[in-house]
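A short write-up of the structure that comes next.
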Amino acid sequence: MERLDKIIAVSFLLSRKDAKKAIKSGEVRVNGMVVTDVGFKAAPDTVTYGGKTAEYKEYIYLMMNKPQGVISASEGGSEKTVVDLVPDSLRRNGLFPAGRLDKDTVGFVLITDDGAFAHDILSPKKHIEKTYFVKTDKPIPPDLPDKFKQGVVLYDGTQCMSADMQITGKTECTVKIKEGKYHQIKRMFRVNGLLVVYLKRTAMGGLLLDETLAEGACRELTAEELKMIKGEPLSS
Ligand code: URA
């Protein structure tokens, strides 16, 4: 059971103000009866507006393939944000990116309005790995995976948690980290004498970036995919 104004706003992508207006003007029905009380509590599947039944989801979870040049924020002033790229059909109030990628980093960004979920998947205590594909300016020394495993100490003395690195080419590798310190991957390489020249997040937890998503595009995640992020068992 939810408030009628919330159901209408979320289901039909209206502002709370417009949802209230629609209810007060008698355009909303509950079980076929007009209800004009905006705070009336109803089961979403009993609510209609303009003849359409409400499709209420408390929260929305989007996978975006972030392009370069866009910032990971909800509001960017003159700068374009990942939330600006969300199409109207998926847009709702309160969307934000769960975790930040740098402006020049591309790949998987999760955009949601569920603060608790975002907190959960970002907390280093939850040990949810974020996987990055990295290209460097110079060949990667063969002992770097060991150094990453031991936990890199950044220039400012910050101790990073153990990270897993797989070298995939002379100047290419994948790195998995369980935390999200500011510019962490770039700084982990920098302190080891390498510059990151390309950075792409390819997975969050057990969920890979959908490579069919064009850069700048996004799609809704299924409940199973959300479980894959958290590493929870899937229903059979
Ligand atoms: N590490 C970085 O340095 N940058 C990112 O965008 C993400 C991880």
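For the reader, a short list of remarks on this structure follows.
- The listed residues are 138, 149, and the only one of them that is away from the ligand (no atom under 16 Å from the Cβ), in a loop (DSSP other than H, G, I, E, B) and not aromatic (Phe, Trp, Tyr) turns out to be 138.
- Every residue from segment 102-123 that is out of contact with any Leu (no Cβ under 8 Å at 6 or more places or on another chain) and closer than 15 Å to residue 185 by Cβ: 103
- Listed by position, the strands (runs of 3 or more DSSP E) enclosed by segment 161-231 that each have at least 2 residues that are within 16 Å of the ligand (Cβ to nearest atom) and not assigned by TED's automatic domain parsing to the domain that holds residue 85 are 164-169, 172-177, 196-204.
- Remark: pairs (first residue in segment 153-178, among the aromatic types (Phe, Trp, Tyr); second residue part of a loop (DSSP other than H, G, I, E, B); Cβ separation under 6 Å; 6+ apart in sequence or on different chains) = 155/191.
- Within segment 191-203, the only residue that satisfies the criterion of being farther than 10 Å from residue 107 by Cβ and open to solvent by less than 10 Å² (accessible area, probe 1.4 Å) is 194.
- The set of residues from segment 97-116 being more than 16 Å from the ligand (Cβ to nearest atom) and out of contact with any Phe, Trp or Tyr (no Cβ under 7 Å at 6 or more places or on another chain) comprises 115, 116.
- Among residues of segment 24-41 that are open to solvent by 70 Å² or more (accessible area, probe 1.4 Å), those with a Cβ under 7 angstrom from a residue that is of a type in the set (D, E, K, R), sequence gap 6+ or separate chain, pair up as 36/24; 41/2; 41/3.
- When segment 95-124 is filtered for residues that are more than 13 Å from the chain's Cα centre (by Cα) and either under 16 Å from residue 178 (Cβ atoms) or open to solvent by 40 Å² or more (accessible area, probe 1.4 Å) (or both), the ones remaining, listed by number, are 103, 104, 123, 124.
The values are calculated or read from the model by the stated rules, or taken from the named source; none is laboratory data. Everything numeric in this text was worked out from a predicted model, so none of it was measured. No Cβ is skipped: glycine too gets one built from the backbone with ideal geometry, and neighbour counts run over all protein chains shown. For the accessible areas, the whole protein counts, side chains as well, though only heavy atoms, and no ligand, DNA or RNA atoms are used. Shrake-Rupley method; radii C 1.70, N 1.55, O 1.52, S 1.80 Å.
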